[in-house]
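Everything on this sheet refers to the single structure shown next.
The values are calculated or read from the model by the stated rules, or taken from the named source; none is laboratory data. As the structure is a computational prediction, the values presented were derived from the model and not from experiment. Reconstructed Cβ throughout: ideal geometry from the backbone, glycine too, with neighbour counts over all protein chains shown.
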Amino acid sequence: MAGNTFLGIRGIHPRALRLAVATTVAVVVCGVGATAQTPDHCKAFGDSITAGVGDDPEREAPGYPPRLEELVPGLAVDNRGVGAERTPEGLARIDGVLAEPGDCLLLMEGTNDISRGISPETTLFNLDRMASRAAEAGRTPYHATLIPRLLNARFDPNNVENQDLVQAIRRLAAERGRGLVDPFEAFSTRSRLFREYYYAGEEDPVGHPNGPGYDLLAAVFADVLLGTDTVPPVPTRLEPAHGASRVPADAAVEVEMTDFGSEIVEGSAVLVVGGAPAPAPVVDDGGRRLHWSYEPPVPLSGVVAMTLRAWDRSGNVYNRLLGRFQVDGALIPRGDVDRDGRVTGSDLVRLGLAFGAGARSRRYDADADLDGSGQVDGEDLAVLAANFGAGV
Ligand SMILES: [Ca+2]
Ligand SMILES: [Ca+2]
């Protein structure tokens, strides 16, 4: 199946994103959960991606907050982003921000937690506490997912941990009935993502938007605050997780899709696991959530792809790879850069895009550095060529 999702082609270089098949999903946001009316005065709380690092230097006020003010008539947005902040520091800082006037909190933090090895449970706990304190202070809290991390990020360059955290943030918002803003979905479905929407500096440990990136980020927030649903149903649970390995052949599959803006169209959803269609899902939460939980009738083997198609009543379609995992005993052939279980032309494209790049370069792709030398070069190409056509 063709999928241009960031997830589907994890680790791929921007130019290859352009080569990937056209997107099915239009743009932007996840809609509103329980919020009824547009706020007047928000605090934008988070790290350097809220502060506006990487933005067009010509801009007087960087980041998404000033743009959001322009997009939502009558809204004031104060930038309370602090560079490099992790959620433990955020939790310590939140009360001071909540002591200021305002009626809403926009909360986007956690990518630095991934970089520093803070557990997702701790991150979730901290985000939940911050949002709870906002609610206790009479503010409407909105959770936001994180944007994709750069492919040469020192930690989690394949966005495996990031996707798990993104799903957990979505679940948290759904469970608490809070609004969800979903930059991860909006960003990861853009073609030429890193090239067009990210700051191009070499010393960027996680990945920051550039001017167009902050425009997009602001639009994602604006759609939610204005109650416009431009986001398809998104994964809120995926087991086995994307990127998992040594998964038992008789593992149960659990998939949950949630729409934060409108109902999911009944019967639109088709989940395929390892080439076999799954049974119909359980529908709950007023048609906004689909849930599959079953044991595949035949044992799983090799690299298993999970793909999903579903759309909501606003016409937003999800139709792509949900994730891929390796069943215990699967021998991934050397040269399988994208880890789909086969060595094909797409692996060659990935390697070609990173060819010549050393580990510090923005073009470096750890998965294409097949011999782990810290440089993608002829040695790696030789490995790939020797295994071309191999599959599990
Ligand atoms: Ca939707
Ligand atoms: Ca491959």
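Structure summary
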{"read-out": "Positions within region 332-350 being outside any loop (DSSP other than H, G, I, E, B) and either in contact with a Leu (Cβ under 8 Å, 6 or more places away or on another chain) or more than 15 Å from ligand 2 (Cβ to nearest atom) (or both), in sequence order", "value": "347, 348, 349"}
{"read-out": "Tabulated pairs, region 44-68, first free of Cβ contacts under 8 Å to residues at least 12 places away in the same chain, second surrounded by fewer than 22 Cβ atoms within 10 Å (Cβ to Cβ), C-beta under 9 angstrom, 6+ apart or interchain", "value": "58/211; 60/66"}
{"read-out": "Matching residues, region 293-310, being within 16 Å of ligand 1 (Cβ to nearest atom) and in contact with an Asp or Glu (Cβ under 9 Å, 6 or more places away or on another chain)", "value": "310"}
{"read-out": "Residue match in region 30-46 (condition: within 16 Å of ligand 1 (Cβ to nearest atom), at pLDDT below 95 and either outside the structural domain of residue 183 (by TED's automatic domain parsing) or closer than 23 Å to residue 207 by Cα (or both))", "value": "yes"}
{"read-out": "Condition check for residue 353: modelled with pLDDT of 95 or more and either part of a loop (DSSP other than H, G, I, E, B) or more than 16 Å from ligand 1 (Cβ to nearest atom) (or both)", "value": "no"}
{"read-out": "Within region 347-375, considering residues that are more than 22 Å from the chain's Cα centre (by Cα) and of a type in the set (Ser, Thr, Tyr), the one nearest to residue 151 (Cα to Cα)", "value": "361"}
{"read-out": "Index of the failed condition, residue 296 passing every other in (1) assigned to a loop (DSSP other than H, G, I, E, B); (2) more than 16 Å from ligand 2 (Cβ to nearest atom); (3) crowded, with 17+ Cβ neighbours inside 10 Å", "value": "(3)"}
{"read-out": "Residues (among the basic types (Lys, Arg) and either surrounded by 14 or more Cβ atoms within 10 Å (Cβ to Cβ) or assigned to a helix (DSSP H, G or I) (or both)) located in region 48-67", "value": "67"}
{"read-out": "Only listed residue being assigned to a loop (DSSP other than H, G, I, E, B), loosely packed, with under 15 Cβ neighbours inside 10 Å, at pLDDT 95 or above and more than 16 Å from ligand 2 (Cβ to nearest atom), chosen from 315, 286, 329", "value": "315"}
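Here's the yes/no breakdown for (1) aromatic (Phe, Trp, Tyr); (2) in contact with a strand residue (DSSP E or B) (Cβ under 6 Å, 6 or more places away or on another chain); (3) at positive phi:
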| site | (1), (2), (3) |
| --- | --- |
| 307 | no, yes, no |
| 315 | no, no, yes |
| 334 | no, no, no |
| 359 | no, no, no |
| 370 | no, no, no |
